[in-house]
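The values are calculated or read from the model by the stated rules, or taken from the named source; none is laboratory data. None of the values given here were measured: they were computed from a predicted structure. Positions of Cβ are generated from backbone atoms using ideal geometry, with glycine treated the same way; all protein chains shown enter the neighbour counts. Ligands, DNA and RNA are stripped out before the accessible areas are found, and what is left, the full protein with its side chains, is counted by its heavy atoms. Shrake-Rupley method; radii C 1.70, N 1.55, O 1.52, S 1.80 Å.
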Amino acid sequence: SKWNMDRTWQAVDIGGTRWLLLDGQFGPTWDPDHALYDRDFASFGDAQLAWVDEQISDGLPTFLVFHHPPNFVRVNESSGLIPDLFTLIASHGDTVQGVFTGHMHLWMETSSMWDRPGYGLAATRYDPRNWWVMDIDVATGDWSIPRASEVQYASYWFDGEQPEETTLRRVSKPT
């Protein structure tokens, strides 16, 4: 088991939506004894992929959150029923509403890679303004990210400009 835990992923239901917090360091790319071993890439493993499939199957609008962006997620990680996360997401139509990742430390728009809204979130280490709040209408299931249009994608800085008070060190969260 990883970190003496049987499972390092979880589901959280909030306001009529489900958030799946996944562990991309659980599958074969993180197993030194596996032929696909390559720690540059996320993989989720058969057990986690089956669990994600089960969580999505009830049709609740679902968002996925994990570390690696799509260009660092292993395709065909398994010879089982669910070959990879891309296939799993596609098999559930519009149930998966969005995919949020990190890793690159800069803002990324990754929707084309997931065939649904997808974003790489920038690190607050570089800019304390690098955070979002989502509006979710629990009656209709509609959701939006009010500040999404303000982001300068492919940048470490929220609006493309480095704040004067920020250097490449941890900064405290804005109050």
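Here are a few things to note about the model shown:
- Rounded if a/c under 1.5, otherwise prolate or oblate - the stretch 97-138, Cα gyration tensor axes: oblate
- Within the chain, percent of DSSP bridges classed antiparallel, to nearest 5: 45 percent
- Net charge dipole, the stretch 28-175: roughly 480 debye, given to the nearest 20, about the Cα centre with Cβ charges of +1 for Lys and Arg and -1 for Asp and Glu.
- Cα gyration tensor category, rounded, prolate or oblate, for the chain with a/c compared to 1.5: oblate
- Highest mobility in the GNM of the chain, judged by mean-square fluctuation with C-alpha springs under 10 Å and restricted to E164, E150, E109, is found for E164.
- The C-alpha atoms of the stretch 22-73 occupy a region whose extents along the principal axes are 36, 20, 12 Å, arranged from largest to smallest.
- Unit charges on C-beta of K, R, D, E only; dipole of the stretch 1-64, Debye: 200 debye
- Residue of G118, G141, G98 that the Gaussian network model of the chain assigns the largest fluctuation, springs spanning Cα pairs under 10 Å: G141
- Here the Karplus relation 6.51 cos²θ - 1.76 cosθ + 1.60, evaluated at θ = phi - 60°, turns the backbone of the stretch 60-71 into coupling constants of 5, x, 10, 10, 10, 9, 7, 6, 7, x, x, 6 Hz, with x for every Gly and Pro.
- Between 0 and 90°, nearest 10: helix 45-56 axis offset from the chain longest Cα axis: 70 degrees
- Dipole of the chain, positive direction: furthest Cα of G118, L88, P32, with charges on the beta-carbon: P32
- CD proxy at 222 nm, helix term only [per DSSP H run n ≥ 4: -39500 (n - 2.57); per residue of the chain; nearest 500]: -3500 deg cm²/dmol
- Charge tally in the Cβ shell below 9 Å around L81, where Lys, Arg are +1 and Asp, Glu are -1, L81 excluded: -2
- Here the Karplus relation 6.51 cos²θ - 1.76 cosθ + 1.60, evaluated at θ = phi - 60°, turns the backbone of the stretch 84-90 into coupling constants of 5, 5, 4, 4, 4, 4, 4 Hz, with x for every Gly and Pro.
- The Rg/Rh ratio for the stretch 53-98 is 0.96, where Rg is the radius of gyration of the alpha carbons and Rh is the Kirkwood radius.
- Legend: translational diffusion of the stretch 1-96 by Stokes-Einstein, Rh = Kirkwood radius over C-alpha pairs, 25 °C, 0.890 mPa s; D = 180 µm²/s.
- For the stretch 5-148, the carbon plus sulfur part of the accessible surface works out to 52%, probe radius 1.4 Å.
- For q = 0.20, 0.23, 0.27 Å⁻¹, Debye-computed log10 I/I(0) when each Cα of the stretch 64-136 counts as one equal scatterer: -0.87, -1.07, -1.30
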